[in-house]
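So the structure is just underneath, and the comments pick up after that.
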Amino acid sequence: MEASDLFLPQLPAGSLQLTLYQYKTCPFCSKVRAFLDYHGLPYEIVEVNPIMRKEIKFSSYRKVPILLANAGSPLQLNDSSVIISAIKTYLISKRNTLEEIVSFYPPMKTVTEQGKEVFEYGNKYWLMLDEKETKRIYPVNEVRVEEMKWRKWADDWLVHLISPNVYRTPREALASFDYIVREGKFGTVEGFFAKYLGAVAMFFISKRLKKRHHLRDDVREDLYEAVNEWVKAVGKHRLFMGGNQPNLADLAVYGVLRVMEGLEAFDDMMVHTKIQPWYQRMEEVIQRGEAAV
């Protein structure tokens, strides 16, 4: 169990049971954990074996994170941004059941540039609130527009900078897989092969990702630029993009960046960008789990 249950916002004890199926080092899973921890919501974690994935064999949706939520009846939520938007809506609004709220984020089949069929989710950066609730959470419309813009930026751009940076060189790839094997769910033999074969595979995959996303020869430059762009957007006069408390964009960016902790890319980012003060503030508020809903 992660997260304190001291600050359950507006929820009677035990009324929302949550189980998160994840890979510890997945940035999308980390986003969801940051959100749940900040809101003081207790949840069980099931670490999924990334090779066999037998822990999620119950699901036709084969990616993580998956959140099983029980707020009176069991429900499966897919996609990190849908999970966050739906649960946040549920915490704020008491007009709809969680099942009704999830229906506002319909899955839609789309085809990527590579010709691969994938599911996208409608409205995933929107909170489904009435006018009064919206005014309380977003006093002016610009606040909502800004939050949605940067949540999307975290998914569409920032996430794609992680792999090319943590697998940038063979040495960094090996260090990253050493961390992945230590934190993930692997058997001894499987972990050994995952570490060495995975490191080699991801080193080459990261080169392909670098090309696909038009990154520079030194991918650190793209990471530094993105991180400083975020810091500039927060500005000097706010603690967080959400003001005195993080909003969903703060939680998304923090969740993505956090998966690099303990790796060379993270240390370089802290030294060569202006992210550190904001990042440390995020660590403190998430540890306290004091979200005001």
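Counting only DSSP beta bridges with both residues in the chain, the antiparallel share comes to about 80 percent.
Over the chain, DSSP H runs of length four or greater, each weighted -39,500 (n - 2.57), average out per residue to a 222 nm ellipticity of -15500 deg cm²/dmol. One entry in [x] 22; [y] 33; [z] 12 is percent of Cα pairs over 37 Å apart calculated from the shown coordinates; its label is [z]. Are any of the pairs Lys57/Lys185; Lys31/Lys116; Lys54/Lys109; Lys88/Lys149 more than 22 Å apart by Cα-Cα distance, and if so, which? Flagged as over cut-off: Lys31/Lys116; Lys54/Lys109. Label positions at Gln17 and Arg182, each projected 7 Å from the Cα along the C-beta direction, are separated by 3.5 nm.
Please give me, ordered by residue number, the trypsin sites (Lys or Arg not before Pro) of the stretch 33-79 that lie in loop per DSSP and have at most 14 other Cβ atoms within 10 Å. Show your work: numbers first, answer last.
Numbers: sites: Arg33, Arg53, Lys54, Lys57, Arg62, Lys63; in loops: Arg53, Lys57, Arg62, Lys63.
Those that pass, being in a loop and sparsely packed, are Lys57, Arg62.
Once the Cα atoms are used to define both axes, helix 170-183 deviates from the longest principal axis of the chain by about 50 degrees.
In the chain, the longest principal axis of the Cα atoms and the axis of helix 276-288 are about 50 degrees apart. Restriction of the GluC sites (Glu not before Pro) in the stretch 231-293 to DSSP coil positions whose beta-carbon has at most 12 other beta-carbons within 10 angstrom yields no sites. Reported to the nearest whole Å, the Cα centre-to-centre distance from the stretch 137-186 to the stretch 70-102 is 23.
Compute, for the stretch 17-291, the length of the dipole vector about the Cα centre, with Cβ point charges of +1 (Lys, Arg) and -1 (Asp, Glu) only. Units Debye, rounded to 20. Walk me through the intermediate numbers first.
On the way: 40 positive and 36 negative charges, 71 e Å.
Computed charge dipole of the stretch 17-291: roughly 340 debye.
Each residue of the stretch 49-64 was assigned a 3J(HN,Hα) from its phi angle through the Karplus expression (A = 6.51, B = -1.76, C = 1.60, θ = phi - 60°), giving 6, x, 8, 7, 6, 5, 5, 10, 5, 5, 10, 6, 7, 9, 9, 10 Hz with x at Gly and Pro. For the stretch 234-293, trypsin sites (Lys or Arg not before Pro) are listed when DSSP marks them as loop and at most 16 other Cβ atoms sit within 10 Å of their Cβ; the list is Lys236, Arg238, Lys274. Here the spin labels are modelled as points 7 Å beyond Cα on the Cα-Cβ line, and at Asn123 and Glu284 they lie 3.7 nm apart. Remark: accessible surface ordering of Phe186, Phe35 (largest first) is Phe186, Phe35, probe radius 1.4 Å.
The values are calculated or read from the model by the stated rules, or taken from the named source; none is laboratory data. These numbers come from a predicted model, not from an experiment. Here the Cβ is made from the backbone with ideal geometry for all residues, glycine too, and neighbour counts use every protein chain on show. Keep in mind that these areas ignore ligands, DNA and RNA; they rest on the heavy atoms of the full protein, side chains included. Shrake-Rupley method; radii C 1.70, N 1.55, O 1.52, S 1.80 Å.
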